[in-house]
1. Considering only the range 19-57, state which residues are assigned to a helix (DSSP H, G or I) and touching a strand residue (DSSP E or B) at 6+ places or on another chain (Cβ under 8 Å).
2. Six or more apart or on different chains, Cβ under 8 Å: which pairs go from a residue in the range 43-56 that's over 15 Å from residue 76 (Cα atoms) to one that's not small (Gly, Ala, Ser)? Could you list them?
3. Just give me the residues in the range 50-67 being surrounded by fewer than 22 Cβ atoms within 10 Å (Cβ to Cβ) and among the β-branched types (Val, Ile, Thr), in sequence order.
4. Any residue at all in the range 132-153 that is crowded, with 19+ Cβ neighbours inside 10 Å, closer than 18 Å to residue 84 by Cα and either touching a residue at least 60 places away in the same chain (Cβ under 8 Å) or small (Gly, Ala, Ser) (or both)?
5. From 184, 160, which residue is of a type in the set (A, V, I, L, M), buried (at least 18 other Cβ atoms within 10 Å of the Cβ), closer than 18 Å to residue 35 by Cβ and out of contact with any Asp or Glu (no Cβ under 7 Å at 6 or more places or on another chain)?
6. Which count do you get for residues in the range 1-17 that are more than 14 Å from residue 185 (Cβ to Cβ) and not in a strand (DSSP E or B)?
7. Inspect all residues belonging to the range 40-48 and state whether any of them is of a type outside the set (Asp, Glu) and closer than 18 Å to residue 17 by Cβ.
Amino acid sequence: MLPPAVHLVTDRLLVSDLPAAVRGALGGSPSGAVVVHLREKDLGGRELLSLTRALLGACEAAGQLLLVNDRIDVALAAGAHGVHLPSAGVPPAEARRLLGPSRLVGVSCHGEEDVRRALAGGADFATFGPVFDAPSKRSYGAPVGLAALRAAARIGLPLIALGGVDIASAPAALASGAHGVAAIRAWLTAPDPAQAVAALLAATRRSH
């Protein structure tokens, strides 16, 4: 299953009302063009399930998809559209067995070997990065850069460029072989989140 090209990753600490932020950002996007990643690592299962259900309503009302980061159990309980797994998390083949063939399974990858494992395990896509410098990714090390993205994209798994990706840098990532782009601050802190998402969608359409 080929994923949408624009991936919006959450960080509820950047906004006062995350479901409202998602509703605002998705307003006007073509159906099926965007996927939201619920990535709130500090939340317990009960709180995460409640937030997943709230975001799922917002996403489905806009005709978009919602993935839950890491928590397969929460994704199943809420009826989300899939999961995004850490590189050292549950193997994608196991997630696929639990979720079935119709839900998306993504994996975080940081190098070519990660991408090869994700492809062999049956992942639908992988995020790859950090491609550029990003505050949220500095603890993971230096940016991998566009050359690494270009090499990893040749492996054949659809890659979503992550880390420091914004409207200005998205075209370079897409020109380097990325299937799509993922962003956190580029949409959550934008003066007009819907306009920011529309600009990211326009960049991906130009590249395909």
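1. Of the residues in the range 19-57, the ones assigned to a helix (DSSP H, G or I) are 19-26, 45-57.
If the condition is that a residue be assigned to a helix (DSSP H, G or I) and touching a strand residue (DSSP E or B) at 6+ places or on another chain (Cβ under 8 Å), then 22, 25, 26, 48, 51, 52, 55, 56 are the ones that fit.
2. Cβ pairs passing all conditions: 43/51.
3. Within the range 50-67, none qualify.
4. no
5. On the way: 184 fails: out of contact with any Asp or Glu (no Cβ under 7 Å at 6 or more places or on another chain).
Just one listed residue meets the conditions, 160.
6. First, the residues of the range 1-17 that are more than 14 Å from residue 185 (Cβ to Cβ): 1-6, 16-17.
Subsequent filtering for residues that are not in a strand (DSSP E or B) retains 1-5, 16-17.
Adding up the residues that qualify gives 7.
7. Applying the first criterion (of a type outside the set (Asp, Glu)) to the range 40-48 yields 41, 43-46, 48.
Then keep just the ones that are closer than 18 Å to residue 17 by Cβ; that gives 43, 48.
Looking for residues that are of a type outside the set (Asp, Glu) and closer than 18 Å to residue 17 by Cβ, one finds at least one in the range 40-48, hence yes.
Here, each number is a calculation from the coordinates, and none is a lab measurement. Quantities reported herein were computed from a predicted structural model and do not represent experimental measurements. Don't worry about glycine lacking a Cβ; one is built from the backbone with ideal geometry, like all the others, and counts go over all protein chains shown.
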